[in-house]
Each structure stands twice: as C-alpha cells, then as structure tokens.
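Following: one structure in structure tokens, then a few remarks.
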Amino acid sequence: MATIRQLRRRIQSVKNTAKITNALQLVAASKMRRAQDRALQAKPYAEKLRTVIAGLAAATVDPEKPAHPLLVTREVKNIALLHITPDRGLCGGLNSNLNRSAGTFVATQREPVEVIAVGKKGRDFFIRARVNVIAEFTDLGDYPGQAQVAPIARLVIDDYLAGLFDRVYVSYPEFVSTATQRPVIRQLLPIEPPRIGEDEAGASTFAQDYIFEPSPDRVLAQLLPRYVEMQIYEAVLQNAASFQSAQMVAMKNATDNANEITRDLTLTYNKARQEQITKELLDIVGGAAALEG
C-alpha cells in the first residue's frame, strides 16, 4: 500500500495534470467556434461552385471536341493520396482513425500509391509505414487561408497534368458535430462533375439562365482548377474544425477523469491518515498503560 507521502505527491501530480488539461480544453473551446464557423461559411460557395461546374460540364459536352484534361479518365497506373491530418495530438482518436482509414485504403489498392501529406501526424504515420511521401505541408495554423492551400492545389494539378498520377484521392476528417468527426476518402482527380438533374433538361436550362463570356469552354477551363483548390480548401477547414472539436472533447474527458482520480486518491489518503492516527493513539494509550502498571 502506498505511504501517506506517496499519496500526497500523487494527488498533487494529478491536480496539476487536471489544470493543464482544463487549460487546453478552454483554449480548444475558444478556437473551436471560429474554426467551425469558417468550415460552415465555406460550404455555400463550394455548393454553388459545384452547381456551376455541373451545368458547364453538361452544357459543353461535344463528342467532336476533346474534354478538358482534368475531366479525362485514363487508365490507372499510379495513384496519389492527399492525406490531410492535424499537426498535433491530444485530440482523442482522431489521428489514429484518420491514419487507419488512409492506411487501409493504400493497402487495398492494386496500383502503387504515393502520399502528399498535409499535417505532421499523417506524414509521420506513412513514413513509419514505409510509404513514399513525395511532398509534405505542415504548420498551416489553426485558421488556414486559401493562400496556404494554393501551393497544395498547384502541386496536385501540375503532377496530374504531367502524367505522374492517373488518379488522385483526398483523405480528411469530415466535421459532423462537436463529438463526431468521420474519416472520408473521395476522388479528387479526374473531376467527376456532379449531376444537376435526372435528365438532360437541366443542362439546357442552366445554359439559358447564364451568359458566358468569352465561351462556356473557356469559363469551364478557368473554373476547374479553382474547383480543385476549393475542394482541398474545404477539406483543410473541415480538418481544422475537427481537430479543435476533438481536442476540446478529449481534454474535457481527461479533466473529468483527473478530478475523479483525485477524489478517489483523497479518500484513500484520508483513510490511510486515519489509520495512522488511530495507530499512534493506540501506541500512546498502550505506553501509558504500561507505565501505570
């Protein structure tokens, strides 16, 4: 059984840990709201851009003209995975879930897969797994901007157009709620334009509602790289919101556990102290009885 001094030291150590985790919880909570707002504010723009891309892609279909290179599907010989994770830990099972999902994806592919890592946790995971990490982007900060995402999108698009990859996927945590972040892997390139309707009437209606200058083909060519960049930016914002939410929940649980351990240790300490006092009283009484006898 631990001595009273050991219990006292352990209680103080757990209290200090609780102070640290509580401070991290408060910091994450203050950052979480802003990160969530940024992720939610990006959705309307992304959805409108998807609608425009879908309408343009449907309106510019012409068998006699070659499609834009970002829309062309070719034989898959090499795959790239854009793996987006946080830079830091202390966020519960978020990092392990993301890396497990991405690792399973890489292991199940028949073609060779190379990784573009955004975030230290994903980079370290694939380096340990001996998967080729061809590029890394770290320290994007708690509130990443589009200027920080632009180099990532440029690298992905240039390598795809150069034929280094035939298909590109993106892996990131989808922010569902404060308590739930879901690993998602979806195709980034070639672009699969979303459908705007069940029939071809949607394409003609879309084309009639807008006037494109200089031409729908030129507008589509300008918007497709922007569309890829927006997809990556939205994934990075989802990652930031997921990390702050997961860290707040994890630190709250850690603080609650530390407080519970402190209560249990304090009860054990009081019992041990009581036993020691009782033993000392018995020794005094026994000594006094021996002197009187």
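Quick notes on this one:
- The stretch 7-51, subset aliphatic (A, V, I, L, M) and in contact with an Asp or Glu (Cβ under 8 Å, 6 or more places away or on another chain), residue farthest from LYS252 (Cα to Cα): ALA46
- Positions within the stretch 110-121 being within 18 Å of PHE165 (Cβ to Cβ), in contact (Cβ under 8 Å) with a residue 24 or more places away in the chain and not β-branched (Val, Ile, Thr), in sequence order: GLU111, PRO112, GLU114, ALA117
- When the stretch 1-27 is filtered for residues that are part of a helix (DSSP H, G or I), modelled with pLDDT under 90 and among the hydrophobic types (A, V, I, L, M, F, W, C), the ones remaining, listed by number, are ILE4, LEU7.
- Given (1) assigned to a helix (DSSP H, G or I); (2) more than 19 Å from VAL149 (Cβ to Cβ); (3) open to solvent by 40 Å² or more (accessible area, probe 1.4 Å); (4) modelled with pLDDT under 90, index of the condition HIS68 fails: (1)
- Looking only at the stretch 178-194, and only at residues there that are farther than 25 Å from PRO225 by Cβ and free of Cβ contacts under 8 Å to residues at least 12 places away in the same chain, the one that is farthest from the chain's Cα centre (by Cα): THR180
- When the stretch 235-293 is filtered for residues that are crowded, with 20+ Cβ neighbours inside 10 Å and among the β-branched types (Val, Ile, Thr), the ones remaining, listed by number, are VAL236, VAL249, THR255.
- A count restricted to the stretch 148-179 and to residues that are touching an Asp or Glu at 6+ places or on another chain (Cβ under 7 Å), surrounded by 19 or more Cβ atoms within 10 Å (Cβ to Cβ) and not in a helix (DSSP H, G or I) stands at 1.
- Within the stretch 1-58, the set of residues being among the β-branched types (Val, Ile, Thr) and farther than 30 Å from GLU192 by Cα comprises THR3, ILE4, ILE11, VAL14, THR17, ILE20, THR21, VAL27.
- Qualifying residue in the stretch 191-209 (condition: modelled with pLDDT of 90 or more, in a loop (DSSP other than H, G, I, E, B) and open to solvent by less than 20 Å² (accessible area, probe 1.4 Å)): no
- Pairs where the first residue, in the stretch 33-57, is in contact (Cβ under 8 Å) with a residue 60 or more places away in the chain and the second is among the basic types (Lys, Arg) and assigned to a helix (DSSP H, G or I), C-beta under 9 Å, 6+ apart: LEU49/ARG226
- Considering residues of the stretch 124-147 that are assigned to a helix (DSSP H, G or I) and free of Cβ contacts under 8 Å to residues at least 24 places away in the same chain only, the residue least open to solvent (accessible area, probe 1.4 Å): ASP124
- Qualifying residue in the stretch 73-94 (condition: in a helix (DSSP H, G or I) and within 30 Å of PHE126 (Cβ to Cβ)): yes
- Conditions (1) open to solvent by less than 40 Å² (accessible area, probe 1.4 Å); (2) under 18 Å from THR104 (Cα atoms); (3) of a type in the set (A, V, I, L, M): number failed by ILE185: (1)
The values are calculated or read from the model by the stated rules, or taken from the named source; none is laboratory data. Predicted model, so just to flag it, every value in this text is computed and none were measured. Note: ideal-geometry Cβ built from the backbone for every residue, glycine included; neighbour counts use all protein chains shown. To get the accessible areas, we keep the full protein, side chains included, count just its heavy atoms, and leave off ligands, DNA and RNA. Shrake-Rupley method; radii C 1.70, N 1.55, O 1.52, S 1.80 Å.
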